[in-house]
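As structure tokens, the structure follows; a few thoughts come after it.
The values are calculated or read from the model by the stated rules, or taken from the named source; none is laboratory data. Bear in mind the structure is a predicted one, so any value in this text is a computation, not a measurement. FYI the Cβ positions are ideal-geometry reconstructions off the backbone, even for glycines, and counts take in every protein chain you see. Accessible surface areas use protein heavy atoms only, side chains included; no ligands, DNA or RNA. Shrake-Rupley method; radii C 1.70, N 1.55, O 1.52, S 1.80 Å.
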Amino acid sequence: MDRPLSYSYVIEGKNFLVAGSVSTEIKNMLKDLGVGAPIIRRVAIAVYEAEMNVVMYAERATLTFELTPRSIRIVVDDRGPGIPDIGLAMQEGYSTATHEMRELGFGAGMGLPNIRRNCDSFSIHSTVGKGTTLEITIAIN
Ligand SMILES: Nc1ncnc2c1ncn2[C@@H]1O[C@H](COP(=O)(O)OP(=O)(O)O)[C@@H](O)[C@H]1O
Ligand SMILES: [Mg+2]
């Protein structure tokens with residue numbers, strides 16, 4: 001019973017056509033499982049922002065999603081340029097989005113702060129030239 005339900009998804013960098021599909025898929029699955037709307041909302045925001053960061057800045061990532069009766073744990077492990085200054089990246093409004101991305105409506109620099117705000121635990125580790133790993137949990141109840 002306490003064994004987690006676990007799923008894994010691949011996110012491709014630069015693929016704006018399917019961007020957001022993982023968060024939609026997870027949102028629908030949680031709805032089907034009867035998880036409460038406030039929890040679903042927090043998970044959907046966090047997954048969407050993490051997914052968009054991979055699409056915009058990384059090459060490829062695996063997103064692992066684990067659901068237990070007590071919590072939801074999400075790990076997004078990407079291969080990409082990494083983040084040289086995580087403190088700076090965490091600041092509201094900081095973004096290295098290109099002009100093209102801004103024209104599509106991205107680059108507000110609120111993604112990482114919003115992820116942190118919607119989670120009960122948050123950790124991000126990055127190695128420049130290798131990639132970034134984001135690990136978050138959202139408690140249920
Ligand atoms: N997975 C990632 N790989 C490399 N850089 C990233 C990644 N996620 C975030 N960043 C860096 O952190 C900055 C802030 O991210 P975020 O708060 O989501 O804002 P935004 O996506 O609007 O730029 C990004 O502009 C980018 O420089
Ligand atoms: Mg972002």
| Quick one: Karplus J couplings for the stretch 11-24, per residue in order, coefficients 6.51, -1.76, 1.60, θ = phi - 60°, nearest Hz, x for Gly and Pro? | 10, 9, x, 6, 8, 6, 5, 9, 4, x, 5, 5, 5, 5
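Identify the GluC sites (Glu not before Pro) of the stretch 1-90 meeting these criteria: DSSP loop state and at most 14 other C-beta atoms within 10 Å of the C-beta.
Numbers: sites: 12, 25, 49, 51, 59, 66; in loops: 59.
Those that pass, being in a loop and sparsely packed, are 59.
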| query | When the dipole is taken about the Cα centre of the chain, and only Lys, Arg (+1) and Asp, Glu (-1) are charged at their Cβ, what size is it in debye, to the nearest 20? | reply | 260 debye
| Out of residues 5 or more away from residue 131 or on other chains, whose amide H comes under 5 Å of its own, with H placed 1.01 Å from N in the peptide plane? | 80, 82
| Remind me, relative contact order of the stretch 24-141 in percent, using alpha carbon pairs under 8 angstrom and six or more residues apart? | 30 percent
| query | What order do 21, 8, 95 take when sorted by accessible area (1.4 Å probe), most exposed first? | reply | 8, 21, 95
| query | Which of 91, 122, 37 sits closest to the plus end of the dipole of the chain, meaning its Cα is farthest towards the positive end, when Lys and Arg get +1 and Asp and Glu get -1 on the C-beta? | reply | 37
| request: Determine by what factor the alpha-carbon radius of gyration of the chain differs from 2.2 N^0.38 Å, reporting the quotient. | output: 1.01
| request: With runs of 4+ DSSP H residues as the only contributors, calculate the mean residue ellipticity of the chain at 222 nm using -39,500 (n - 2.57) per run, divided by the residue total and rounded to the nearest 500. | output: -10000 deg cm²/dmol
| note | In degrees, nearest 10, the alpha-carbon axis of helix 37-57 is tilted away from the dominant principal axis of the alpha carbons of the chain by 30 degrees
| Considering only protein heavy atoms and a 1.4 Å probe, what is the carbon-and-sulfur percentage of the accessible area of the chain? | 52 percent
| message | Leaving out ligands and nucleic acids, and using a 1.4 Å probe, what accessible area per residue does the chain come to in Å²? | response | 56 Å²
| request: With θ set to phi - 60°, apply the Karplus curve 6.51 cos²θ - 1.76 cosθ + 1.60 along the stretch 129-138 and write out the HN-Hα couplings as whole Hz, x wherever there is a Gly or Pro. | output: x, 10, x, 10, 10, 10, 10, 9, 10, 10
| note | Of 115, 39, ordered by accessible area with the largest first and a 1.4 Å probe, the sequence is 39, 115
